[in-house]
Each structure stands twice: as C-alpha cells, then as structure tokens.
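The structure appears below as structure tokens.
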Amino acid sequence: MTTNALIATHKNWLTPSTDIDQYIAKIRQIPALDAEEERKLAIALQETNDINAAQTLIVHHLKFVVHIARGFTGYGLPLGDLIQEGNVGLMKAVKRFEPQRGVRLVSFAVHWIKSEIHEYIIRNWRMVKIATTKAQRKLFFNLRSMKKSLNWLNEAEAKAIADELNVSTKDVFEMESRIHGQDIAFELNDDDEDNDHFSPSQWLADDSIDPAEHTEHAEHENLMQRKLAKGLQALDPRSRAIVQARWLNEDSKATLQTLASEYNVSAERIRQIEQQAMHQLRAHIEA
C-alpha cells in the first residue's frame, strides 16, 4: 500500500479536528510502544507489508508529531495544518524505518516529520506573517546576495543590512536562521569520508532516554496547562483572584485571613470559595 493510500485509509486519525485540544487529548490516551513491541511491528511491516502493523506504529506516534509541530507555530500557520503535514512525514518514516539499525522510530522520524512541515511552510509562504512589509519582503529575497560570505552574520554585518532595508537586527538574524536552516541526511553517503560531517544515525541511538515517554510527558503538561487556563477563565472574577492569590502567585501564598480582610468577609468564607473553585477547576481538567 502506498503512502497516499495509507492516508486515505486512516484519514480520521491523521487529520486533526477543528478542536485541537480534543484531538490531542484523544491521541494522548494511546500508550507508547516499548522497544520490543516497536521492533516486532516494524519487522512485520518490513517483511510482510503488514498494513495493520504500519497503522499501529503510526497511531502510537501521533503525539510525537504534535510535539514537533508546536515548534513551528511561530510561522503564523494553523497548528492543525502543521500537525496534518507532520503526520504525512511520520507515515513516510514508518515506510522507510529499518529496526535492524538499533534506532527508535521516534528518533528516525524526526527528519521526515520536520521535512514535511518545512515543505508546507514554504508552499504557504504568502500566509506567513514574517514578511508583512515591503522592507521585510525585500530582506527575504535579498539577504543571500547581501551577505559577504557563507558564514553566519556577525552583529556589525547584520546591523548594516538592517539599516539598509529598514528592518531590525533581530529580523535579519531570524530571517537568516530560517533561510539557512536545512535538513541533513539520516546517513552519510558511502563515498563521504569527510570526518567533519556527521549524520543522525551516528548519535541518535540512546537507550538512556525514551523520546516517546519524554514527548508524552511534555504533551501532558502542555494540555494540563491549557485546561487550567480555560478553567480559570470559567470562574467568576472573585473566585479566580482567590485561587491565583492562594496557589498561582510565584512570590508568596496569600493567607485566608489576608484575603478575608481584602474582601471584607470571614476567613471561613474565603476557604469555602476556594474549595468550590478548586472543585470546578478539577472537574474542568478531568473532563
């Protein structure tokens, strides 16, 4: 089965719904595969073209795509679209994955996921908000020719370009980073003997950290923070202020008596409001 056919078959899984939080919450419930499960599935796909094995590998790594896609939200494109393109890259990685190399799929797939997202951003560059002025567009199209060498710009060079094109030095460095960011091959060519080069296959294998578990934890934390923010917004102003003062202030935790004096009620009333607000927040987070 081709990649396009696989997309069509599992379109519901690979296309985020309009409610991104709902989609992320759904795929978060899918447990990560351990190394042995992953190896067996990859071998089944490799040796017998087992489409069910391919589907399992893909579905169990969707949360990792979300984690990568978040890193590209600064380009002004919808997160749902970035995730969808990253999912296509994940499928391409699954088709090419070779478990015999001793590298986890989550590490191997990084190149393919980012590559698809990069291509999507380039295809939709007009939607990107970085070049909203004539000077910024001129910077995008002329930065290469204005550089005096292939090396990264120093502060003085960047300032000279920024002054000429009427943009900030920060804009120059950011544009340079985006223009010159590039993918590297997972493995070097057989005839490449330059010791200064390296490839991901030489260093990605690392049994000390499970990238899937790390990604799952990061996504869980991110989801909980968003749910907490929505839960706080759903509270009435007084309840929200009390919860923030009691639990969310970084400097110090307000006492019940302090808040009682501020709102001219008893400390017991503040405790009741706090308890009710925390109950509402908990229900919102667990929903």
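The values are calculated or read from the model by the stated rules, or taken from the named source; none is laboratory data. Quantities reported herein were computed from a predicted structural model and do not represent experimental measurements. For the accessible areas, the whole protein counts, side chains as well, though only heavy atoms, and no ligand, DNA or RNA atoms are used. Shrake-Rupley method; radii C 1.70, N 1.55, O 1.52, S 1.80 Å.
Compute the accessible area per residue over region 11-125, keeping the other protein chains in place, probe 1.4 Å, unit Å².
That works out to 45 Å² for each residue.
On the protein heavy atoms, probe 1.4 angstrom, tell me the percent of accessible surface of region 235-286 carried by carbon and sulfur.
Carbon plus sulfur share of accessible area: 46 percent.
Given the pairs 40/63; 227/253; 26/227; 26/114, which span a C-alpha to C-alpha distance of over 19 angstrom in this model?
Listed pairs above 19 Å: 40/63; 227/253; 26/114.
Roughly speaking, to the nearest percent, how much of region 11-125's 1.4 Å accessible area is carbon and sulfur?
49 percent
Please report the relative contact order for region 238-287, taking Cα pairs under 8 Å with a sequence separation of at least 6, and give it as a percent rounded to a whole number.
36 percent
Give me a comma-separated list of calculated 3J(HN,Hα) values for region 268-282, in order, Karplus coefficients 6.51, -1.76, 1.60 applied at θ = phi - 60°, integers in Hz, x for any Gly or Pro.
Values, residue by residue: 5, 5, 4, 4, 5, 4, 4, 4, 5, 5, 5, 5, 5, 5, 4 Hz.
With all protein chains present, calculate the accessible area of residue 226 using a 1.4 Å probe and round the result to the nearest 10 Å².
Approximately 60 Å² of residue 226 is accessible to the 1.4 Å probe.
Need the full-extension length gain, residue 230 to residue 28, defined as separation in residues times 0.36 nm minus the C-alpha distance. One decimal, nm.
The span from residue 230 to residue 28 would gain 70.8 nm if fully extended.
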